[in-house]
Amino acid sequence: MAQQEALGATAADLRRFYVSHLFEQMLPYWLERGIDDEYGAYLTGYSNDGRTLLHHYKLPWSQGRFVWLWSRLASQFPAHPLAGRFVDYARSGADFLRTHARLPNGRVAFTLDRDGIPILLDKDGRPRAARPGETYDSSTYADLYVVYGLSEYARVAEHGPSLEFAWDLYWSVADRYRQGRFRTDPYPTPPGYRAHGVPMFMLDTGRELAVSAEQLDMRDTAALRALVAELVGEVMDRQRQDDDVIIELLGRDGGVRPTKLGTYVNPGLMFQDMWFIMHQAEEAGDRRRIEQAARVVRRACELAWDEEYGGLLQFVHREGGPPRGEVPPDEAGHPMLANLDANWDGKFYWVHTEALYALLLSYFHTGETWAADW
């Protein structure tokens with residue numbers, strides 16, 4: 001009861017609000033515009049105002065996330081009148097990805113055309129084939145999102161081939177991670193750094209895959225669970241600093257480099273990774289990790305909150321304020337620097353949704369009033 005009073009609403013009130021927002025405000029748009037009935041999978045290339053379809057390209061990154069979405073809707077709302085359609089929509093994307101996303105080298109293409117052919121895009125957005133020396137697999141994050149979607153679909157549809165596809169692809173990613181060949185375009189990790197996003201997305205994708213494999217009783221997940229625990233340690237014992245800040249680009253020697261790239265913080269990823277880790281820690285019975293993660297959530301709020309206008313900033317310096325620091329000659333021109341300068345004070349929807357869930361989860365696990373206050 002005390003927790004409900006601190007939140008100013010009951011858990012049932014919050015559930016009603018978010019379910020209503022989901023089904024009445026968000027899903028109608030995508031149900032009308034997002035399903036590609038002709039070629040399969042989904043159309044996602046809309047303008048920011050949602051009015052214009054700018055292209056028909058299909059990025060496995062976003063396609064995998066959509067497979068996860070429809071699958072999770074079907075499993076979480078099995079009595080909903082559209083539950084059967086949700087499974088059908090998930091199947092459409094899962095079949096498309098299993099057929100088209102993986103290249104002959106075993107990796108996932110970053111961009112496909114509408115009917116599933118790998119393409120590259122010129123700076124003006126025109127599609128073309130790869131030239132000698134170019135590759136279609138520019139970001140290993142795309143592989144992980146395919147795993148993420150297919151493992152969730154396998155669970156709800158009890159579809160063994162999707163689980164096997166996801167399983168094989170994940171271990172391919174793990175091999176690349178071990179060998180230092182994990183690609184992070186369009187913002188490649190600069191030499192001398194290691195990126196927080198790599199262990200972050202690997203750990204949650206691995207955890208979701210393990211849950212699906214265990215529920216379907218198809219694979220021994222001991223090695224996978226061990227890898228996930230190792231990745232949690234990579235984030236919480238290396239990327240996380242003594243002041244509970246997660247450094248996005250940590251020096252490969254484990255130190256914080258006094259550069260603009262080496263001292264910036266991405267609060268949205270801090271929020272997101274901490275709820276990933278709380279899920280894993282809850283399954284593992286690891287109270288220490290839950291409490292660590294909650295402290296990181298609190299620190300992200302403190303760093304990112306815009307005291308003048310409200311809302312959460314996209315990027316900040318590790319001590320607060322705009323990203324700053326030296327730019328060595330070998331880092332000048334890195335695309336992430338332009339992103340920091342252009343977008344650091346933006347207020348992005350996704351950052352706030354990650355914060356809301358991370359705060360609710362922190363409050364659920366700790367009962368501390370700061371989480372309710374934020």
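Oblate is the label for segment 215-374. Its Cα gyration tensor axes, ordered a ≥ b ≥ c, give a/c of at least 1.5 and b/c at or above a/b.
How big is the charge dipole of segment 225-268 about its Cα centre, in debye rounded to the nearest 20, if each Lys and Arg gets +1 on its Cβ and each Asp and Glu gets -1 on its Cβ?
Working: 6 positive and 8 negative charges, 39 e Å.
Value, rounded to 20: 180 debye.
Which one, 350, 305, 275, has the greatest fluctuation when you compute a Gaussian network model over the chain with C-alpha springs under 10 angstrom? Largest GNM mean-square fluctuation: 350.
For a test of the definition: using alpha carbon positions, the gyration tensor, and the 1.5 limit on a/c, classify the chain as rounded, prolate or oblate.
Numbers: a/c = 1.35, a/b = 1.09, b/c = 1.24.
Here the chain falls in the rounded category.
Considering helices alone, the calculated mean residue ellipticity of the chain at 222 nm is -17000 deg cm²/dmol, with DSSP H runs of length four and up weighted by -39500 (n - 2.57) and normalised per residue. For the chain, a Gaussian network of Cα nodes joined below 10 Å ranks 49, 341, 243 by mean-square fluctuation, and the top entry is 49.
When the dipole is taken about the Cα centre of segment 13-143, and only Lys, Arg (+1) and Asp, Glu (-1) are charged at their Cβ, what size is it in debye, to the nearest 20?
On the way: 17 positive and 16 negative charges, 50 e Å.
So the dipole magnitude of segment 13-143 works out to roughly 240 debye.
Taking 0.36 nm per residue of separation and subtracting the Cα-Cα distance, full extension of the segment from residue 77 to residue 282 would add 71.5 nm.
Here the chain carries DSSP beta bridges of which approximately 95% are antiparallel, counting only pairs with both residues inside. Which shape class applies to segment 40-186: rounded if a/c is under 1.5, otherwise prolate when a/b exceeds b/c and oblate if not, where a ≥ b ≥ c are the square roots of the Cα gyration tensor eigenvalues? Oblate shape, in that a/c is at least 1.5 and b/c is the bigger or equal ratio.
Computed about the Cα centre, the dipole magnitude for the chain is approximately 640 debye when only Lys and Arg (+1) and Asp and Glu (-1) carry charge, each at its Cβ.
We did not get these values from a lab; they are worked out from the coordinates using the rules stated. All values derive from a computational prediction rather than experimental measurement. Cβ sites come from the backbone with ideal geometry, for glycine too, and all protein chains shown count toward neighbours.
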